[in-house]
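*Asks:* I have a structure I would like to understand better, so I am pasting it below and will then ask my questions one at a time.
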Amino acid sequence: MLKSSVDRVAEATPRAIANRMHGLSDRALAWLFVGPSIVLLLAVNIFPLIWTIRLSFTNFRVNRPNAEVEFVGLKNYLNILSDRDIWLTMQATAHFLIWTIVLQVLIGFTLAYLINKKFRGNDLWTTIIVLPMMLSPAVVGNFWTFLYQPQIGLFNYAVGFLTGADPSSFSMIGDVSLAPWAIVIVDTWMWTPFVMLICLAGLRSIPGSIYEAAECDRASKWRQFWTITIPLVLPFLMLAVLFRGIENFKMFDLVVQLTGGGPGSITELTSINLKREAFEKWRTGYASAYAVILFVTVFGLASIYVKALNKVKQR
Amino acid sequence: MTFRHIRSLAAFGALLAAGVATTGQANAKDLTLCWAAWDPANALVELSKDFEAKSGVTMKFEFVPWPNFADRMLNELNSGGKLCDLMIGDSQWIGGAAENGQYVKLNDFFDKEGIKMSDFIPATVVGYAEWPKNSPNYWALPAFGDVVGWSYRKDWFARPELQAEFKEKYGRELAVPKTFGELKDIAQFFQKREIDGKTVYGAAIYTERGSEGITMGVMDVLYSFGFKYENPDKPYDLEGYVNSAEAVKGLEFYKELYDCCTPPGHSDAYMSEDIDAYKSGQVALHMNFAFTWPGIHADANVGGEKSGYFPNPAGPDGAAYAQLGGQGISVVSSSEKQEDALAYIKWFAQPEIQQKWWEMGGYSALLKVVEDPKFATSQPYAQTFLDSMAIVQDFWAEPAYASLLQAAQKRFHDYVVAGQGSAKDALDGLAKDWTQVFDDEGKY
């Protein structure tokens, strides 16, 4: 009689271990394996979250270990939601989020569409295009401050060369009207390749037979694009938007390196503002409430979005 | 578990214990000093070799660049970390560090070792060592005297053709400015001027947003224009003092100076950006802390006779003040090596070590050093340092200083660099922010 794989594993198990395991049910074994992960998750994710929620109802300051911690109810939440400056940082974040996603999706999809065509040097171009996303955001932020430098910056020189304007007559990161666009440009430069790669995966997953069938039905290229390519790539595109949306909602390093939130507070995104409250002003309770609000916002929006994504996939 | 297992475990435990003991012994004669990463820190490393030789204690150093210094070190203090045994912390931290028990109180130690605070420059004792201010409670030894002042291109000022043109335009000599009004004239005169085939600019001033830069710059002007932190007769009464008409004029002046006379893209500049602008020959005038002056003097491009130094000029009513910089050295409460750390402070306080400190580029705050008749002429910037130290004022050193500083950073940058609202709006807003902070602190 042939032995099952389970029997073979059982026979191969050393007697000492087998004795110790004797009597453990499958369920117990499953818990034994999953347990450490759950304990780790509880320790590093769930417990800090619950602790943050608890702190958000207090006036706790981490730099005042001897001060009495008072329960302040919803005061922190009400103060945050009625603070004009925080709404301005929300606006700055929304501007950054919307424009980076729009540009990255448009450019990323276009690049993926072009790269998907067979041509000489295809692989080389793909490698060159994805290089920016392999760099550290801190490094990217730093070298773009040089590119944006009015006197020696390559960006200003290029704009001056193309438009005839004096390169030192404008400062991308020092001008109130240009700085929000300066951070959008850099993030788009860095992360468009990521969107491109996801779109490329989507495009390459479309079976060629669908296009062949469409050809037989004499569908034009334009119609094939709108009725085959876009609908089949859409779930991938939506996934890319989700990833970039979540990432850019918590954008910190790149913008801190580029503008430090300035000029004034024009590019002070919520994550920068939150960091200032938590680790510069040391208003721990207040910052905890702020973090909870941001968490609920991202979680809520992401949940709605994921539901929409699932609907698109089911179509 | 078999006997063999127990024996293996015991052997492993013994090895581990031996390792821990060895590590403990190795660390027993180490001391870690935390400070900002800048030129004076390198000089201190050299200076400390004398302490190492005499005490047998190995010195370790943790230096953090200025923009991250406060973040990193305040995190360390707040978390009760054991990284630093000695901290050369910023003057404004003293209130929080004292009230939260992060620094060791040094009164008994000073009494025991005969270290007298009256031996140090009074402004540095108040600024770096005392909390509450103007009370004999000492939490640090003045370690590095520093103050904001100016360096300028002496060689450009001396050019006959520029002197003639300046005199024709302004009716006076092109010389070190006596008032901020004169300083702006000079900066405007040099703005976008061609010198030796290169376009140069008026002044490099502080405009940094992220840490404390723009506040350190703006306050220099505000003090001299008549700004007061509070009602002298009623502490924490800010309305009408922080946002007085004189203070508004001072803030307007700083914005005018920024708009008219700084190099392009000078919207986020602090110590290092300003020194870069000056050393690269871009600007005629350079606002910075005195610690930069030894480096300027030694610089191949702008050093020696090419540069001169002057303290903050006066405001419209003749009053001149300067923003205090510098730090005191403290023993961190959570350190387990407090005795060695105190021994370091005792060594550092000695007059001969302080003299050596000055010679190596550290600004000693010891009166015996700075009042030496040879001091004023020992370096071209020494007299300017003394003159500047005589007119210092400092930012709030309250435990809530970080919140007070961040409010100032935002209000000043919003107005000066981003051009939002008026100077009156900015200072009214600042008075409101600061009042709120003190209200939260239970000061009213």
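*Asks:* Regarding B:Ser333, is this residue over 22 Å from B:Gly56 (Cα atoms), surrounded by fewer than 21 Cβ atoms within 10 Å (Cβ to Cβ) and within 14 Å of another protein chain (Cβ to nearest Cβ)?
*Replies:* Numbers: over 22 Å from B:Gly56 (Cα atoms): yes; surrounded by fewer than 21 Cβ atoms within 10 Å (Cβ to Cβ): yes; within 14 Å of another protein chain (Cβ to nearest Cβ): yes.
Here the answer is yes, as B:Ser333 does meet what is asked.
*Asks:* Restricting to region B:86-105, and then to whatever is crowded, with 21+ Cβ neighbours inside 10 Å and small (Gly, Ala, Ser), can you tell me which residue is farthest from the other protein chains (Cβ to nearest Cβ)?
*Replies:* Taking the candidates together, the pick is B:Ser91.
*Asks:* Quick one: which of B:Ser224, B:Ser272, B:Ser244 is buried (at least 23 other Cβ atoms within 10 Å of the Cβ) and either without any contact (Cβ under 8 Å) to a residue 12 or more places away in the chain or small (Gly, Ala, Ser) (or both)? Please lay out each step first, then the result.
*Replies:* On the way: B:Ser272 fails: buried (at least 23 other Cβ atoms within 10 Å of the Cβ); B:Ser244 fails: buried (at least 23 other Cβ atoms within 10 Å of the Cβ).
Selected residue: B:Ser224, the only one of B:Ser224, B:Ser272, B:Ser244 that is buried (at least 23 other Cβ atoms within 10 Å of the Cβ) and either without any contact (Cβ under 8 Å) to a residue 12 or more places away in the chain or small (Gly, Ala, Ser) (or both).
*Asks:* Residues that are more than 30 Å from the chain's Cα centre (by Cα): which strands (runs of 3 or more DSSP E) entirely in region B:140-209 hold 2 or more of them? Let's see the steps before the verdict.
*Replies:* Values: elements: B:141-144, B:148-153, B:193-195, B:198-204.
Qualifying strands (runs of 3 or more DSSP E): B:193-195, B:198-204.
*Asks:* For region B:75-85, give me each residue that is surrounded by fewer than 22 Cβ atoms within 10 Å (Cβ to Cβ) and within 13 Å of chain A (Cβ to nearest Cβ).
*Replies:* Quick first cut of region B:75-85, residues surrounded by fewer than 22 Cβ atoms within 10 Å (Cβ to Cβ) only: B:75-76, B:78-83.
If the condition is that a residue be surrounded by fewer than 22 Cβ atoms within 10 Å (Cβ to Cβ) and within 13 Å of chain A (Cβ to nearest Cβ), then B:Asn75, B:Glu76, B:Asn78, B:Ser79, B:Gly80, B:Gly81 are the ones that fit.
*Asks:* Within region A:164-186, take every residue that is more than 13 Å from chain B (Cβ to nearest Cβ) and within 26 Å of A:Ala92 (Cα to Cα) and give me the one that is surrounded by the most Cβ atoms within 10 Å (Cβ to Cβ). Write out each step before concluding.
*Replies:* In the first step, residues of region A:164-186 are kept if they are more than 13 Å from chain B (Cβ to nearest Cβ); the result is A:164, A:181, A:183-186.
Narrowing the set further to residues that are within 26 Å of A:Ala92 (Cα to Cα) leaves A:181, A:183-186.
Values: A:Trp181: 15, A:Ile183: 26, A:Val184: 21, A:Ile185: 19, A:Val186: 28.
Going through the qualifying residues, I end up with A:Val186.
*Asks:* Could you tell me which of the residues A:Phe161, A:Phe194, A:Phe225 is more than 14 Å from chain B (Cβ to nearest Cβ), within 30 Å of A:Leu135 (Cβ to Cβ) and without any contact (Cβ under 8 Å) to a residue 24 or more places away in the chain? Please lay out each step first, then the result.
*Replies:* Numbers: A:Phe194 fails: without any contact (Cβ under 8 Å) to a residue 24 or more places away in the chain; A:Phe225 fails: within 30 Å of A:Leu135 (Cβ to Cβ).
When all the criteria are applied, what remains is A:Phe161.
*Asks:* Right, next: Out of B:Gln383, B:Gln420, B:Gln409, I need the residue that is assigned to a loop (DSSP other than H, G, I, E, B) and either of a type in the set (S, T, N, Q) or more than 14 Å from every other protein chain (Cβ to nearest Cβ) (or both). Which one? Working first, answer last.
*Replies:* Details: B:Gln383 fails: assigned to a loop (DSSP other than H, G, I, E, B); B:Gln409 fails: assigned to a loop (DSSP other than H, G, I, E, B).
Every option except B:Gln420 fails the conditions.
*Asks:* Another question, then. Pick from B:Gly281, B:Gly295, B:Gly308: which is in a loop (DSSP other than H, G, I, E, B) and not charged (D, E, K, R)?
*Replies:* Details: B:Gly295 fails: in a loop (DSSP other than H, G, I, E, B); B:Gly308 fails: in a loop (DSSP other than H, G, I, E, B).
One residue alone meets the criteria, B:Gly281.
*Asks:* I've got another one for you. Identify the residue in region A:50-68 that is free of Cβ contacts under 8 Å to residues at least 24 places away in the same chain and hydrophobic (A, V, I, L, M, F, W, C) and, among all such residues, is farthest from A:Thr284 (Cα to Cα).
*Replies:* Only one residue fits best here, namely A:Ile50.
*Asks:* Okay, moving on. Could you tell me how many of the residues in region A:47-89 are in a helix (DSSP H, G or I) and among the basic types (Lys, Arg)?
*Replies:* Pass one, region A:47-89, residues in a helix (DSSP H, G or I): A:47-55, A:75-81, A:84-89.
Applying the additional criterion that residues be among the basic types (Lys, Arg) yields A:54, A:75, A:84.
Qualifying residue count for the region: 3.
*Asks:* Can you tell me which of (1) more than 18 Å from the chain's Cα centre (by Cα); (2) under 29 Å from B:Ala390 (Cα atoms); (3) within 14 Å of another protein chain (Cβ to nearest Cβ) is the one B:Phe109 doesn't meet?
*Replies:* (3)
*Asks:* Among the listed residues B:Gly80, B:Gly96, identify the single one that is small (Gly, Ala, Ser) and outside any helix (DSSP H, G or I). Outline the logic, then answer.
*Replies:* On the way: B:Gly96 fails: outside any helix (DSSP H, G or I).
Going through B:Gly80, B:Gly96 in turn, the sole match is B:Gly80.
Rundown of residues vs (1) of a type in the set (Val, Ile, Thr); (2) surrounded by fewer than 12 Cβ atoms within 10 Å (Cβ to Cβ); (3) within 32 Å of the chain's Cα centre (by Cα); (4) not in a helix (DSSP H, G or I), yes/no style:
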{"residue": "A:Cys199", "(1), (2), (3), (4)": "no, no, yes, no"}
{"residue": "A:Leu203", "(1), (2), (3), (4)": "no, no, yes, no"}
{"residue": "A:Ser209", "(1), (2), (3), (4)": "no, yes, no, no"}
{"residue": "A:Glu212", "(1), (2), (3), (4)": "no, yes, no, no"}
{"residue": "A:Arg223", "(1), (2), (3), (4)": "no, no, no, no"}
{"residue": "A:Thr229", "(1), (2), (3), (4)": "yes, no, yes, no"}
{"residue": "A:Leu242", "(1), (2), (3), (4)": "no, no, yes, no"}
{"residue": "A:Asn248", "(1), (2), (3), (4)": "no, no, yes, no"}
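*Asks:* Report every pair of residues separated by at least 6 positions or lying on different chains whose Cβ atoms are under 6 Å apart, first residue within region A:291-315 and under 30 Å from A:Ala278 (Cβ atoms), second outside any helix (DSSP H, G or I).
*Replies:* Taking only residues 6 or more apart or on different chains, the pairs are A:Val292/A:Ser56.
*Asks:* Then there is this: If you go through region A:277-289 one residue at a time, do you hit one that is farther than 18 Å from B:Gly210 by Cβ, surrounded by 17 or more Cβ atoms within 10 Å (Cβ to Cβ), more than 14 Å from chain B (Cβ to nearest Cβ) and modelled with pLDDT under 95?
*Replies:* No, there is no match, as no residue in region A:277-289 is farther than 18 Å from B:Gly210 by Cβ, surrounded by 17 or more Cβ atoms within 10 Å (Cβ to Cβ), more than 14 Å from chain B (Cβ to nearest Cβ) and modelled with pLDDT under 95.
*Asks:* So which residues in region B:208-224 are more than 13 Å from chain A (Cβ to nearest Cβ) and of a type in the set (A, V, I, L, M), if there are any at all?
*Replies:* Result: B:Met216, B:Val218, B:Met219, B:Val221, B:Leu222.
*Asks:* If I ask for residues that are aliphatic (A, V, I, L, M), within 14 Å of chain A (Cβ to nearest Cβ) and within 16 Å of the chain's Cα centre (by Cα), which ones from region B:238-295 would you list?
*Replies:* B:Ala269
*Asks:* Every residue in region B:197-215 that is surrounded by 24 or more Cβ atoms within 10 Å (Cβ to Cβ), over 14 Å from B:Phe289 (Cβ atoms) and at pLDDT 95 or above, please.
*Replies:* Across region B:197-215, the qualifying residues are B:Gly202, B:Ala203, B:Thr207, B:Ile214.
*Asks:* Another question, if that's okay. Scan region B:272-295 for residues that are of a type in the set (Asp, Glu) and within 20 Å of B:Tyr254 (Cβ to Cβ) and report the count. Reasoning before the result, please.
*Replies:* So in region B:272-295, the residues of a type in the set (Asp, Glu) come out as B:273-274, B:276.
Then drop every residue that is not within 20 Å of B:Tyr254 (Cβ to Cβ), which leaves B:273-274.
Qualifying residue count, region B:272-295: 2.
*Asks:* Select, from B:Ser403, B:Ser364, B:Ser378, the only residue that is away from every other protein chain (no Cβ under 14 Å) and buried (at least 24 other Cβ atoms within 10 Å of the Cβ). Walk me through how you get there before you give the answer.
*Replies:* Details: B:Ser403 fails: away from every other protein chain (no Cβ under 14 Å); B:Ser378 fails: buried (at least 24 other Cβ atoms within 10 Å of the Cβ).
Just a single option satisfies the conditions, and that option is B:Ser364.
*Asks:* Can you name the number of the only condition in (1) surrounded by fewer than 22 Cβ atoms within 10 Å (Cβ to Cβ); (2) assigned by TED's automatic domain parsing to the domain that holds B:Leu44; (3) farther than 27 Å from B:Lys178 by Cα that B:Ala300 fails?
*Replies:* (2)
*Asks:* Something else now. Out of A:Ile272, A:Ile293, which single residue is in a helix (DSSP H, G or I) and away from every other protein chain (no Cβ under 14 Å)? Explain how you work it out, then say what you get.
*Replies:* Values: A:Ile272 fails: away from every other protein chain (no Cβ under 14 Å).
After applying the criteria, what remains is A:Ile293.
*Asks:* For region B:61-68, does any single residue satisfy the condition of being under 30 Å from B:Asn100 (Cβ atoms), surrounded by 18 or more Cβ atoms within 10 Å (Cβ to Cβ), among the aromatic types (Phe, Trp, Tyr) and modelled with pLDDT of 90 or more?
*Replies:* no
*Asks:* Let me ask another. Among the listed residues A:Asn59, A:Asn45, A:Asn63, which satisfies the condition of being under 30 Å from A:Ala289 (Cα atoms), at pLDDT below 95 and away from chain B (no Cβ under 14 Å)?
*Replies:* On the way: A:Asn59 fails: away from chain B (no Cβ under 14 Å); A:Asn63 fails: away from chain B (no Cβ under 14 Å).
Criteria check complete, one pass: A:Asn45.
*Asks:* So if I check each of A:Leu301, A:Leu258, A:Leu309, which one is under 26 Å from A:Trp191 (Cβ atoms), in contact with a helix residue (DSSP H, G or I) (Cβ under 6 Å, 6 or more places away or on another chain) and either more than 14 Å from chain B (Cβ to nearest Cβ) or surrounded by fewer than 19 Cβ atoms within 10 Å (Cβ to Cβ) (or both)? Give the derivation first.
*Replies:* Values: A:Leu301 fails: in contact with a helix residue (DSSP H, G or I) (Cβ under 6 Å, 6 or more places away or on another chain); A:Leu258 fails: either more than 14 Å from chain B (Cβ to nearest Cβ) or surrounded by fewer than 19 Cβ atoms within 10 Å (Cβ to Cβ) (or both).
Matching residue, one of A:Leu301, A:Leu258, A:Leu309: A:Leu309.
*Asks:* Can you name the condition, by its number, that B:Gly303 falls short on among (1) in contact (Cβ under 8 Å) with a residue 24 or more places away in the chain; (2) among the small types (Gly, Ala, Ser); (3) in contact with a Gly (Cβ under 9 Å, 6 or more places away or on another chain)?
*Replies:* (1)
*Asks:* When you scan region B:425-433, do you find a residue that is surrounded by fewer than 17 Cβ atoms within 10 Å (Cβ to Cβ), within 14 Å of another protein chain (Cβ to nearest Cβ) and of a type in the set (Lys, Arg), even just one?
*Replies:* Just the residues of region B:425-433 that are surrounded by fewer than 17 Cβ atoms within 10 Å (Cβ to Cβ), to begin with: B:425, B:432.
Restricting the remaining residues to those that are within 14 Å of another protein chain (Cβ to nearest Cβ) gives B:425, B:432.
Filter once more, keeping what is of a type in the set (Lys, Arg): B:432.
Yes, some residue in region B:425-433 is surrounded by fewer than 17 Cβ atoms within 10 Å (Cβ to Cβ), within 14 Å of another protein chain (Cβ to nearest Cβ) and of a type in the set (Lys, Arg).
The values are calculated or read from the model by the stated rules, or taken from the named source; none is laboratory data. Just so it is clear, the structure is predicted and the values come from calculations on it, not from any experiment. No Cβ is skipped: glycine too gets one built from the backbone with ideal geometry, and neighbour counts run over all protein chains shown.
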